[in-house]
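The values are calculated or read from the model by the stated rules, or taken from the named source; none is laboratory data. Here the structure is a predicted model, which means the values were calculated and not measured. All Cβ positions, glycine included, derive from the backbone under ideal geometry; neighbour counts span all protein chains shown. The area values use the complete protein model at the heavy-atom level, side chains included, leaving out ligands, DNA and RNA. Shrake-Rupley method; radii C 1.70, N 1.55, O 1.52, S 1.80 Å.
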Amino acid sequence: MKKIDLRSDTVSMPTPSMIKAMAAAEAGDDVYGEDPTVNRLQAMAAERMGKEAGLFVPSGTMGNLAAILVHCNRADEVIMGNRAHTFLFEGGGASALGGVSIALLPNNDDGTLNMDDIKAAVRTENPHHPRTKLIVLENTQNRCGGAPISAAYTKQVGDFAHSMGLKFHMDGARIFNAAAALKTTAKELVAPVDSVTFCLSKGLCAPVGSVLCGSKDFIYEAIRIRKQLGGGMRQVGFMAAAGVVALEEMTERLGEDHEHIQALTDGLTKIPGLHKYLNPPISTNMLFIGLDDSVKADGATVISKMAEQGILIGSTGPRTFRMVTHYWIKDEDVNMTIKAFKQVMSSL
Ligand SMILES: *Cc1c(COP(=O)(O)O)cnc(C)c1O
C-alpha cells in the first residue's frame, strides 16, 4: 500500500537530484573550514537571506539556540510568543544551556505579537530585573496554522528592537513558504532581523540541516557555540550538497504545496464533523482541523482509521489534527485523503 504521510514536511525524503548531488559531492573537514560544498551552501544561504554570512547547523533547533546564546548572556531575557517553536518545542534549551529567561507574550492568530505588548515587555534598567536582549519571531508561525508574517510588520518590530538596542532573531524554519505565500522574497522578509535560521530539511526536502545567517561577527561567535553544542561536523558536504539543490530547485515550487492545502481545506471542511480550528488569514502548507463536539469518537480513533488506509496525519490534541503538504504529496494524494476522511468520518 502506498503511504501518504501528512504528519509533517519533515518526513519529506530527498529528491532524485539531491541524491545525485550528494553522491557526487566534494567534501572536506568542515571543522577546518575546508569543505567546499558547505562553504558554497553557506554563501548561497547568506545571499538568499541578504546577510553577510551563513553557518550550516544540524537542525533548526541548534540554529535558534546558537542565535539566542550569541545574543544573550545568562539571566538576560528574550521576548517571544507563547506559540513559538523556540518556546514550545526546543526542550527549553535557551533556559537549560543559556540560563536565559523568557518573557512570553500571547501570539495573535495571524502569528504576530502586539506591538504594545512587546513595548511593555522590555525591562527598564533596575537591579531587580533581568536585562531584555532579544526579540524572537517565527515565520511562518507553525502553531498559528502556518501563518506567514509580513515584511511590514517585521520591519515595525525590527525598528522598535533596534531603537531600544535589542537584537532581533527570526525563526524562519519555513521562511520560503512565507515568501511564496506573500509573493515576495525571503530576503525582504528578513531584512529587519539581525539573525535568521531556516530549515533545508522540511518543505525543501534535504535530509538534514538548517542554516543560521547574520553578520560576519555574529557568525564568528555562532561557530564557537555550535562547537560547544557538538554541532561541528566533518565531511558534511555530502549533506550540504542536498542543501544546495534545495536552494536551487525547491524554493520556487512551494506554492504547489499551498495549493494542495487549499484543496484539502475545501474538501475536508465540507465533511460533516470536521472544522478548521486554526485560521491564519493566509494559509501556507499546513491545515489544522478538529472534530466537532457532535462526533463521539476521539482523535486517536480517526488517526488509526486513516492509518489503516495508508494515510498518516498528525495529532495536536485529543480531538485535533495537523496535516502538512510537501513535495511528495501530489494531486492524487490530496484526493485520496479527502476520500478516506469521508469514509472514516461516516464510519464513526
Ligand atoms: C521544525 C522547526 C524548527 C526546528 O527545526 P529542527 O530541524 O526540527 O530542529 C524550528 N522552528 C519551527 C517553526 C519549526 O517548525
Legend entry - Single unsatisfied condition, residue 129 versus (1) within 16 Å of the ligand (Cβ to nearest atom); (2) over 24 Å from residue 321 (Cβ atoms); (3) not aliphatic (A, V, I, L, M): (1)
Legend entry - Residue, modelled with the highest pLDDT, within region 1-15, restricted to residues that are more than 16 Å from the ligand (Cβ to nearest atom) and open to solvent by 90 Å² or more (accessible area, probe 1.4 Å): 3
Legend entry - For residue 132: the one exception among (1) touching a helix residue (DSSP H, G or I) at 6+ places or on another chain (Cβ under 9 Å); (2) surrounded by fewer than 18 Cβ atoms within 10 Å (Cβ to Cβ): (2)
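Residues checked against (1) within 26 Å of residue 8 (Cα to Cα); (2) in a loop (DSSP other than H, G, I, E, B); (3) modelled with pLDDT of 95 or more:
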position: 179; (1), (2), (3): yes, no, yes
position: 189; (1), (2), (3): yes, no, yes
position: 203; (1), (2), (3): yes, yes, yes
position: 208; (1), (2), (3): yes, yes, yes
position: 212; (1), (2), (3): yes, no, yes
position: 217; (1), (2), (3): no, no, yes
position: 222; (1), (2), (3): no, no, yes
position: 225; (1), (2), (3): no, no, yes
Legend entry - Test set (1) buried (at least 18 other Cβ atoms within 10 Å of the Cβ); (2) within 23 Å of the chain's Cα centre (by Cα); (3) closer than 26 Å to residue 225 by Cβ - residue 104 fails condition number: (1)
Inset, instruction - Inspect all residues belonging to region 115-127 and state whether any of them is in contact (Cβ under 8 Å) with a residue 24 or more places away in the chain and outside any helix (DSSP H, G or I). - result: yes
Inset, instruction - Might you let me know whether region 134-146 holds any residue that is assigned to a loop (DSSP other than H, G, I, E, B), within 11 Å of the ligand (Cβ to nearest atom) and β-branched (Val, Ile, Thr)? - result: yes
Legend entry - Any hit, region 54-71, residues being more than 30 Å from residue 113 (Cα to Cα), more than 16 Å from the ligand (Cβ to nearest atom) and open to solvent by 30 Å² or more (accessible area, probe 1.4 Å): no
